[in-house]
Structure formats: structure tokens, C-alpha cells
Amino acid sequence: MDLLNTLVDKGLRRELPTREEALAVLATSDDDLLDVVAAAGKVRRQWFGRRVKLNYLVNLKSGLCPEDCSYCSQRLGSTAGILKYTWLKPDEASQAAAAGLAGGAKRVCLVASGRGPTDRDVDRVSETIRTIKDQNEGVEVCACLGLLSDGQAERLREAGADAYNHNLNTSESTYGDITTTHTYADRVDTVTKAHAAGLSACSGLIAGMGESDEDLVDVVYSLRELDPDSVPVNFLIPVEGTPLAKEWNLTPQRCLRILAMVRFVCPDVEVRIAGGREVHLRTMQPLALNLANSIFLGDYLTTEGQAGKADLEMIADAGFEVEGTDQVTLPEHRVDAGAGCGSHGSAGCGSHEGAGCGSHEGGGVCGTAAPAASAVPATAVNEQPRTDLVAVRRRGAGTDLAPNA
């Protein structure tokens, strides 16, 4: 297929595809899907080999968020039966992180619900970062606390944070459909603040609300322009008690096409499969490792993920290896161009749920609008939504039960 040959060549040169080429990836047929995966896999292997980076979420403060993001189980007005608790103490957070690190995680993502941190919150999180770093040699720490005020990113960096996560989630033109309590520009500003402070920027998207292919391409091109080091790709988990609870519009095939498109547009950045992979990719998850080079281990913020042991077995069975703490995630040209565990180069792409680090329970993108004509609803292939796979988290941080790590 000429399209795929062209996209592979561009990916190996870090050259931006045209919008028409990106849209064509999303429009490929199921008959061509394995060819698409194989082509994007060549680009993935060029820059990341067969390594898979493992990340682990610690939800520092759960629920009771004043923001009204339609996809989020922690949102204002949510009736989802999720865990609700205030800030974990530094030692509690470090103990929670240890479970993921024991399973092979290289990065710990510290997430807190809310619009953004107060200066006191930054002090609290800074102490937590120092505690985790003191107790775990070589660990990367990413903070995801919402919208940042001036000077806060610098303080997190001084405390030892390596990265900051804040998702764009969707295209600018549709952003107002998912939240009214902050703007798309607010999110861009926070990613920019993280960059300026020397933090590795992490910013991604949420797919699965029936968004158009054009919306998906818009947000991925915006991410490339922002040039984060990592791009989490979330798939909407429609949680009961949120406005998007009935929105089931993804198939495993569409998820793979989306990941392939992101890889072609952002060839040399860390592409992470985040929230929703177990629910929507299901038995196709091993194929997705040919597209993304990073996943979350264990549970998410308010929903349960696949058992950590199963993740490790999947990675090994698919012929991949877990990235070690002694290995640098990003290609040399990006590391040389920046600082820290991230670093920004000439081409790139790039969470927050109400708190997310790339791992939204709900992630949706178009409010409560009807699915766009170019979307591919699950029912189009006689597939019924697997609502049985959505489980609210009842263990780990904030509970007395061992985490699923």
C-alpha cells in the first residue's frame, strides 16, 4: 500500500505526515488493519526497539472535583460509586508507589483531583516526591495536579519531579462540549509552563466519545506542535454516574487505527496506552504493543485495570521486554535536545482527568453530542459493549486492600 510505505518513510525521518494521510489511516479497512499495525510497528521499533515502559498511578486525592469534565467519574455532580478520600500522607503515597515499582514500573504518576493545586498543595506534593525519590533509587516521578499557576512547575522541578502531565483531551473546536469550568487554552498554558520549567511534558488525548476522525487528527497535530515527550492515548470508559455513561463507540480495530495514527504523527515520542485499553482493546492488547511503547501497570484512578502479572506475561509473550531503570526511554536526539528524563526535540507530541496522568476513567471528547458520521460505533460490527469489564477500583491507595499491581 503506497500510503503505508510513505508513512513509514516519513516516520523514520521524523517528518510530519499530511492531514490527509493521517485521516487515511483512520479510514483503512479491517482487511488492511494488520498491514497498518506492521507499518506503524516499523516506526515504533526504529525509535524504541522492543522496549515497553511501565508506569504506575498513585491517586493522591480522589473524588470531589469542582470541574465538570463530562468523562470524569470524579467530576462535579458525579454519582459514580468511586472511592473518595483526601490527600495521602507522603509515606502512604510512597508505600502505594512501591507496589507498582516492585512489578517493574519505572515511572510513578502522582495524581490529584481538582482544578489545580494551591501553594500548600505543591508543598505537600513536593514532600511526597522527595519521599518517593529517597526510598526508590532511579524512579521517575510525574505529577498531575491540574492547572498550574506561575512558579508552581519550577517548585515541583526543584522537589525532584521529572515530568508533568496534563492532557489536551480533544480538539480545540470541540473542547467546550466536554467542560465549561476551564478552557482548552488553560490546558495549553499548563503544558507550556511545564516545558518552561524544565519538566518533561506529558500530554495526550481521549478517544471514544463518537468524535469525528477530523477531531482526532486535530488534537494529535496540536500535540505534536506542543512537543511533549510522552503522549497518553486514553479510551473512554463510560462510568455509570457520568454524562457519558451510555457512550460506547469503540472497537478494538478502531483503537488500533488511532494508536497507529498517533505513532505516524508522533514517531519519536513515548506513546502510552492509558485508560480503557482492557475494556476496548481486550484480546487485541498485544497487537497494540507494536504501536505504543508504554503502558500503565495495574489499576487506574477510580477503575480497575488488568492484573499486573497478566500485563507482564502479555509483554513477554508478545516478544517485548520491560524497559529498565538504567535505560533511557527517548531516542538520543530528543534526550540531547533537552534535559531530565524527558527532553524535547524537533518533532513530538503530548493528562489530567480532573486528574489523570494519561489515565482517565472516563475520557470522552465531544460532550453528549451524537456520534459523528465518520465515527465507527461498536454496533456497526454487531459488537455489544463489554460493560462487564468496567469495575470501580476498591483497592490500593486509599484502602486497606492490596493494589492490583
Quiz item: Once Lys and Arg get +1 and Asp and Glu get -1 on their Cβ, which of Gln285, Ala207, Val43 lies farthest toward the positive end of the dipole of the stretch 2-389?
Solution: Gln285
Quiz prompt | Relative contact order computed over the stretch 116-265 (Cα-Cα under 8 Å; 6+ residues apart), in percent | solution = 20 percent
Quiz item: What residues qualify as long-range amide H neighbours of Val322, i.e. H under 5 Å apart, gap of 5 or more or another chain, H built at 1.01 Å from N?
Solution: Val52
Quiz prompt | Interchain or long-range residues, amide H under 5 Å from Ala207's placed H | solution = Asn234, Phe235, Leu236
Quiz item: Please state the Cα pair-distance histogram of the stretch 218-269 with 10 angstrom bins from zero: what percent is in each bin?
Solution: 22, 42, 30, 7
Quiz item: Put a dot 7 Å past each Cα toward the Cβ at Met1 and Leu34; how far apart are the dots in nm?
Solution: 1.3 nm
Exercise. Among the aspartates and glutamates, select those whose C-alpha is under 14 Å from the C-alpha of Lys89, and discard any that sit fewer than 8 residues away in the same chain.
Key: Asp121, Asp123, Glu127
Quiz item: Which value at 222 nm does the chain reach when only helices count, each DSSP H run of 4 or more adding -39,500 (n - 2.57), with the total divided by all residues and rounded to the nearest 500 deg cm²/dmol?
Solution: -10000 deg cm²/dmol
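For a test of the definition: using alpha carbon positions, the gyration tensor, and the 1.5 limit on a/c, classify the stretch 2-389 as rounded, prolate or oblate.
Here the stretch 2-389 falls in the rounded category.
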Quiz item: What is the extension gain from Trp87 to Thr180, computed as 0.36 nm multiplied by their sequence separation minus the C-alpha to C-alpha distance, in nm to one decimal?
Solution: 30.9 nm
Practice problem: Please state, as a whole number in µm²/s, the translational diffusion coefficient that the Stokes-Einstein equation yields for the stretch 30-139 at 10 °C and 1.306 mPa s, with Rh defined as the Kirkwood radius across alpha carbon pairs. | Solution: 95 µm²/s
Quiz item: Which FRET efficiency value, to the nearest 0.05, is calculated for Asp9 and Ser149 with the Förster distance at 41 angstrom and r the Cβ-Cβ distance?
Solution: 0.40
Exercise. Return the whole-Å distance between the Cα centroid of the stretch 178-236 and the Cα centroid of the stretch 284-319.
Key: 22 Å
Exercise. Return the distance in nm (one decimal) between the two label points of a simple spin-label model at Leu401 and Gln327, each offset 7 Å from Cα along Cα→Cβ.
Key: 3.3 nm
Exercise. Could you list which residues have their amide H under 5 Å from that of Val141, counting only those 5 or more apart in sequence or on another chain, with H placed in the peptide plane?
Key: Val108, Asp162, Ala163
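We did not get these values from a lab; they are worked out from the coordinates using the rules stated. Since the model is a prediction, treat every value here as computed from it, not as a measurement. A quick note on method: Cβ atoms are made from the backbone with ideal geometry, for glycine too, and the neighbour counts reach across all protein chains shown.
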